[in-house]
Structure formats: C-alpha cells, structure tokens
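> Below is a structure I'd like to ask you about.
Throughout, read-outs are computed from the coordinates displayed, never taken from laboratory work. On a predicted model such as this, the values are computed, not experimentally measured, just so you know. Please note: Cβ atoms are built from the backbone with ideal geometry, for glycine as well, and neighbour counts cover all protein chains shown.
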C-alpha cells in the first residue's frame, strides 16, 4: 500500500518534469537556433542600412526596425487609450448595468478574431479608401487587436483594487470620474504590465501587416505610405531562395525576439515583489 | 418573540419628534431599502439630534449598516439596490432632485468598519485627499488642514515626522484615526461611523471612543455598533433595530435601563442576538 503511494507520487513528479521539458526544449532550441544563425549578420550596418539586393553583400534591416517601431507606436497610440478607457468602463461603470458585461463579452469576441481578419478590416477601411498600403492601415489593424487585450486586462486590474478604496473615495464626496482615476492610480502597475504585454503581443504580428502596412525597401516616407517591418521581412526574406536574404531574416528574427523579451523583462521589473494593486 | 416585532406606533413617533428644544439634524421618514428583492429596511423613522452621538445597535443582519448607508446615499452604490421614503438633512430630502449625492456625501461623512486609507498616498495626502480630489488647489492651506485635522484625531504627535510615509504603514488604530481625519478634513456636518472599532484592539478602541465623544461638540455623530457596552459608553441616543425595523429609539440611559419593548430588553440582556 505504502509502496503504491510512493510509486504514484514519483510517477506524478516524473510526469510533470517531462511535461516541463517538452515545453522548454522547443523554446530553447528556437532561441538557440535563431541566436546562432542571426548573430552573424548583426552589426552596425544591420541597424542603419536598407535591405540588400538578392545575392548582394552587406545591407541591413534598418527600415524594417524603424517600421516595426513606428507601427507599434501608432497602434499603441490607438489601442492603449481606447482599451484603457473601455477597461475602466467595464470595471467602474458597467457593474451597475448590463452594458458592462456586454462590453466585456464583445471584448472577448474581438480578442478571438483571427488577426488576418482584423487585417482585412483595416484593408477595407483604409487601404481601399486611400488606394495604398500604409503605416496608418497597419497601425489601425494592430491597434484594433490591442483594444480587447488592454481593456480586459485593465478591467481585471481595476477589479483587483479592493472595493473599500472605492467606497472611501465616494464617501468623501469625490466624483465618480475622480474616483476612477484614483482606482487607476492604485492599479497602475498592473495596468502598465497589461499594456506592455499587449504591445509585446502585437509586435510579433505578421498576418495583418501583409494586408495593411505592406512592405517597402525604403525608409519611412509618410503615414500614407507602405513601410517595412521585421515580421513581414522575416516572412519575405525567409521564404526567398537567396542566401543573403535568408541570413537577413535570421537577424531580423533575433532582433524581434530581443524586443519582445526586453518588453517581458520590463514587465518583470515593474511587477517584482509588489501587490498587483499597490 | 416575532409577534412583538412592531414598528414604532404613532404615539411614540410623536413623542420622538422634535417637540423638545433639541435640534434635529437628520430625519429619517418612512424609509424602506432593498437589495434586489430582499427588503433590508422596513418603514424606519428616526430623528438624529444635532451635536449628539446616536448609536444604532442590533444583531447581525438587522439592517443597521444599511440604515447608516442610506444617510449619505452609499446604499445606492450596491447594484440592484433601491430606497424609498426620505431622509431629511436640515429639513431637505437628500434623495430629492435638488440635492446631488456628491454634495450630500460632503456634508455627511463616513468612516468604515475596516480602516481604508488610500494605499497609494502618504499620510498627509490621505488627510487632504477629499479636498484635493474635489478640486481644491490651495497648497498652502493644505499644511494647515493636515496639522489641524491630525491634531483633532490625536494623531499629529505620532506621525508629524512621518507625514510622507504611506498611510498603510500605520497600525490599525492609527489607520482608523487617519480615516476619521480624512473624513473630517472636508468639514462635514454629520459623521457616520459603521462599526469603526470592530477591527481594533481595546486600547485603540478606547482612543476612538474618546475621540467620538469629543467630536460631538462640532459634529453630529451616528455610529453603528454591535457592542452594546460601547453604545452605552458613548451614545446620547440609541436605536435598537431588529429584522429591518426600528424597534425602539430613546435616550441611551432610558433604552438600556428602562426599555419599553420586550424585544429590546431581551436583546440588551443578552437573551438573543
């Protein structure tokens, strides 16, 4: 009897460790593979030069890095405020009526829409209207994707602030909107975390960009013009037959992963050892 | 027991109405309150006298917290809640259309059961939060308010060198006095206290009770307590509630020494509750 307990306990431990290994091995092998193949093309030129011609030497991914940063900035400018305020609505205003849960549900639906479909939306609204792929269309597509992520996580962050804080504020005769700001201030770390994770999430998007921002071999030349991005270049160069383009794609993947890991590290730094609402 | 649960009869209501020289600060008239479909208050009538401490006692779930939360319109924050009847503040119905809930709450302050200082603010900022968040900008007067209010609640000497520290770093009793200071800083006329000592140790409780007694010179105080001894110690008037009804309301000494309702007597002698 005792033996059986010991054996099942051991089996359980082994099972969880194996599962952990299965999860970690692909992650580490991806990181290792990308780092070892990408590092050879990373130099100053990689950040400052335009993409090379096929089978040429030199060049860089400067415009793709610039494009990705621009797209992330524009989509954040669109997605963060809208997401933030709809999160405030869900948590602080929608509790006493049925609209809150409706907004919450729509947020979940929006979050579940495949990114390519969001791309089609921005394509229809902006690319077709202006007859050109553009930074604007890319920003709108990625920003739309951010809204539900930010709004639902912000709502959760605000709901984790104890209700006694809300009551204290309202009982002081502080108006509802000021009270909401106070609650946001109490949840600012969790909100910052949610925003950064949303940014990290859309930084790696490719599908909607194919239909919206398009691709360009030149530097940024206006929000109504197409722009290169790391993800699109990884796809475009990675599937090409040219060795130098493939190498560039590895480098672009390495930089992209570095950006996303950097954002996640920042999140860790913000939330280290602190209560979510403090 | 249940058949003796009656609301105040007409004769008694008249007796309690302000024929005497005492001024009425708040008057509860025919107040019913609901949580969704559950009725929590049934036809409550009560006169709260100016510059007196009024205690509300009764067993758990009798509606005493609900009643106090109806006095500054906090009850309506609960989803699905409802109130009918009226609560007069200086003769004006706080549920009337000409009064804003925000203005009511500035005149009728509240201290809660669990000390709830704003965790993201310093001690000093907690005191002046009500003023600052209401849009008062005058920085120079804030220092004055901080000192005066913290002295008022007997906290100044304990925290004067740590005003920048977080309000959450104080002990429970200090936090509760900080919360009282925060409520007093906006200069309300009435102070509602919902079991303000139930989370505190006896020493901290004694300090708060002392403070409440001194506050009635300036403010009208209504305190909910589950502690009958506390009511006897600090309240001028005591109301006994049971199952959402106001059973008896009188001067504290009369209510405790010579209750007119059998139910009140049974409760204060510890036969139930």
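> Residue A:24 to residue A:176: FRET efficiency via 1/(1 + (r/R0)^6), r the Cβ-Cβ distance, R0 60 Å, to the nearest 0.05?
Taking R0 as 60 Å, the efficiency between residue A:24 and residue A:176 is 0.80.
> Right, another one. Please compute the contact order of segment A:134-278 in relative form: average sequence separation of alpha-carbon pairs under 8 Å and at least six residues apart, divided by the residue count, as a percent. Write down the numbers at each step before the final one.
Details: 160 pairs, mean separation 47.7, N = 145.
Relative contact order of segment A:134-278: 33 percent.
> Sticking with this one: Who wins for biggest fluctuation among B:196, B:59, B:79 in a Gaussian network model of chain B, springs between alpha carbons below 10 Å?
B:79
> Just from the alpha-carbon atoms, what are the Rg and Dmax of the protein assembly as shown in angstroms?
Cα radius of gyration and Dmax of the protein assembly as shown are 32.1, 104 Å respectively.
> If chain A were replaced by its equivalent ellipsoid, with semi-axes equal to the square roots of 5 times the Cα gyration tensor eigenvalues, what would those be, largest first, whole Å?
After diagonalising the Cα gyration tensor, the semi-axes are 38, 30, 17 Å.
> Which one of A:189, A:159, A:176 has the biggest mean-square fluctuation once chain A is modelled by GNM with Cα springs under 10 Å?
A:176
> In vacuum, with every alpha carbon of segment A:2-41 counted as one equal point scatterer, what does the Debye formula give for log10 I(q)/I(0) at q = 0.23, 0.29, 0.32 Å⁻¹? Two decimals, please.
For segment A:2-41, the Cα-only Debye profile gives -0.73, -0.86, -0.92.
> Next question, about the same structure. With each run of n ≥ 4 DSSP H residues scored as -39500 (n - 2.57), what mean residue ellipticity at 222 nm is computed for the protein assembly as shown after dividing by its residue count and rounding to the nearest 500 deg cm²/dmol?
The helix-only estimate for the protein assembly as shown comes to -16500 deg cm²/dmol at 222 nm.
> Could you check which residue among A:68, A:217, A:129 shows the biggest mean-square fluctuation in a GNM of chain A with a 10 Å Cα cutoff?
For chain A, modelled as a Gaussian network with Cα springs under 10 Å, the answer is A:129.
> Let me ask another. Tally the DSSP beta bridges in chain B and give the antiparallel ones as a percent, rounded to 5. Show your work: numbers first, answer last.
On the way: 25 of 42 bridges.
Once the DSSP bridges in chain B are tallied, antiparallel ones form about 60 percent.
> Please label the shape of segment A:86-242 as rounded, prolate or oblate, based on the square roots a ≥ b ≥ c of the eigenvalues of the alpha-carbon gyration tensor (a/c under 1.5 means rounded; beyond that, a/b larger than b/c means prolate, else oblate). Before the final figure, lay out the partial values.
On the way: a/c = 2.80, a/b = 2.51, b/c = 1.12.
Because a/c hits 1.5 or more and a/b exceeds b/c, segment A:86-242 counts as prolate.
> What distance in nm separates the two pseudo spin-label positions at residue B:86 and residue A:164, each 7 Å out from Cα along the beta-carbon direction?
Modelled inter-label distance: 3.6 nm.
> Suppose R0 equals 22 Å. What FRET efficiency, 1/(1 + (r/R0)^6) with r the Cβ-Cβ distance, do residue A:43 and residue A:268 give to the nearest 0.05?
After rounding, the FRET efficiency stands at 0.15.
> Further, regarding this structure: Out of all Cα-Cα pairs in chain B, roughly what percent, to the nearest whole number, are more than 29 Å apart? The partial results should precede the final answer.
Numbers: 11900 of 37128 pairs.
Here the tail beyond 29 Å accounts for 32 percent of pairs.
> Can I ask one more? With a point put 7 Å past each Cα toward its Cβ, work out how far residue B:171 is from residue A:101 in nm, to one decimal.
Here the answer is 4.6 nm between the modelled labels.
> Residue B:37 versus residue B:161, label points 7 Å from Cα toward the beta carbon: distance in nm?
Here the modelled spin labels are 6.1 nm apart.
> Okay, next question. Which of the peptides A:20-32, A:107-119, A:141-153 is most tightly packed, and how do the rest follow, judged by the mean count of other Cβ atoms within 10 Å per residue?
By packing density, highest mean first, the sequence is A:141-153, A:107-119, A:20-32.
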